[in-house]
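Here the structure is laid out as structure tokens; the discussion comes afterwards.
The values are calculated or read from the model by the stated rules, or taken from the named source; none is laboratory data. From a predicted model like this one, the values you see are computed outputs, not experimental measurements. Positions of Cβ are backbone-derived with ideal geometry, glycine not excepted, and every protein chain shown enters the neighbour counts. Each accessible area value is taken on the protein alone, full model and side chains, heavy atoms only, with ligands, DNA and RNA left out. Shrake-Rupley method; radii C 1.70, N 1.55, O 1.52, S 1.80 Å.
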Amino acid sequence: MERIWGGRKLAELFGKKLLTEKRIGESWEIVDRPEAQSVVARGGLKGKTLHELWIEHRASIFGAVPDAPRFPLLIKLLDAHEKLSLQVHPPEEVAAKLGGEPKTEFWYVADAEPGAELFLGFCEPITQDQFETALRKGTAANYVHKMGVKPGDAAFLPAGRLHAVGAGNLLIEIQQNSDTTYRVFDWNRIDSTTGKPRKLHVEQALQCINFNDVQPKMVEPRGEVLIKHALFEIQRWNLDQVREVAPLGRFAIVCCLTGELACANVDLASGESILVPARLQDRQMKPLAAHTTLLRITIPEL
């Protein structure tokens, strides 16, 4: 996905084939959206989209997961060559009213340049009126909580949290299946494709922002578990021996962070992801290189 803030790191670090000289900000790895679909590469279901699997083969592929019109997660890679806009995603109760989709998300820092930052929540208590005044004055960034990051850090972003990705970050994003974003400030940038500033959504954003969200902390792992939430459970594994990806009957998404691994006759390099079906018999992951690490993503069962 071409983005005004994107770069070329998806090719440099993860070997993605990018369009020449385009600013590529996102790679949608596991996706079931009206405008984009993951497609089965080979085997008996070759050519089937992720949506078709969700509708036609849910029990065998996904096991006992909560019902939803589409596969409920979207897995992305983000390359922030420049910082993203200051933005918010709507909570469920507000999304319906605004005609959008709720979005809670999780970021894993796969790579970060020295001095890279994330912008999360507010650095001090603030009212909506005070923030509106800051937006009009162009000083909104002064009120945002900035956090320095390094590879291996992680952040949880509940819907309603004001946020932005700082320049120099390469993130893996695990999110609710949504594409609703309300921008409140875009650092006074001009979009080179239009010659104009990008559209802002201040009125909608102000209805979504949690103004009591002051100095949130980064994720503090509990062993291998990075986060356990109603929408997703995410673990980080050091794969130094053969290991079952998940019990039979439970699906999992695997994203290779470093090194290389194999599962069910599929080799996975860093930056690549696979979805392991719930009823697949061959569910052993084998490291193919030293220092192989991965994210394992599941959805809590019913």
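So which of K228/K286; K46/K196; K46/K76 end up more than 32 Å apart, counting from Cα to Cα? Beyond 32 Å: K46/K196. Between D67 and K217, take the C-beta separation as r, use R0 = 30 Å, and let me know the FRET efficiency to the nearest 0.05. Efficiency, from the Cβ-Cβ distance: 0.35.
Across region 46-61, coupling constants 3J(HN,Hα) worked out from phi with the 6.51/-1.76/1.60 Karplus curve, θ = phi - 60°, read 3, x, 6, 7, 4, 5, 5, 4, 5, 7, 9, 9, 4, 5, 6, 8 Hz, and Gly and Pro carry x. Overall shape of region 1-146 was characterised from the C-alpha gyration tensor. The equivalent ellipsoid obtained from it has semi-axes of 34, 23, 13 Å, in decreasing order. Here the chain has 49 percent of its accessible surface on carbon and sulfur atoms, given a 1.4 Å probe and all protein chains in place. When Rg and the Kirkwood Rh are both derived from Cα coordinates, the Rg/Rh ratio for region 156-302 amounts to 1.06. Centre-to-centre, using Cα atoms only, region 235-278 and region 118-152 are separated by 37 Å.
Solvent-accessible area per residue in the chain equals 47 Å², computed with a 1.4 angstrom probe and all protein chains kept. Using all pairs of distinct alpha-carbon atoms, the Kirkwood hydrodynamic radius of region 173-242 works out to 16.3 angstrom. Between amide H atoms placed 1.01 Å from N, distances below 5 Å from Q37 occur with no residue 5 or more places distant or on a separate chain. Any idea what angle helix 128-137 forms with the longest principal axis of the chain, computed on alpha-carbon atoms, 0 to 90 degrees, nearest 10? Around 70 degrees separate the two axes.
Using alpha carbons only, the radius of gyration of the chain set against its Kirkwood radius gives Rg/Rh = 0.97. Translational diffusion coefficient, Stokes-Einstein: compute it for region 242-301 using the Kirkwood radius over C-alpha pairs as Rh, at 37 °C and 0.692 mPa s, and state it as an integer in µm² s⁻¹. Reported coefficient: 290 µm²/s.
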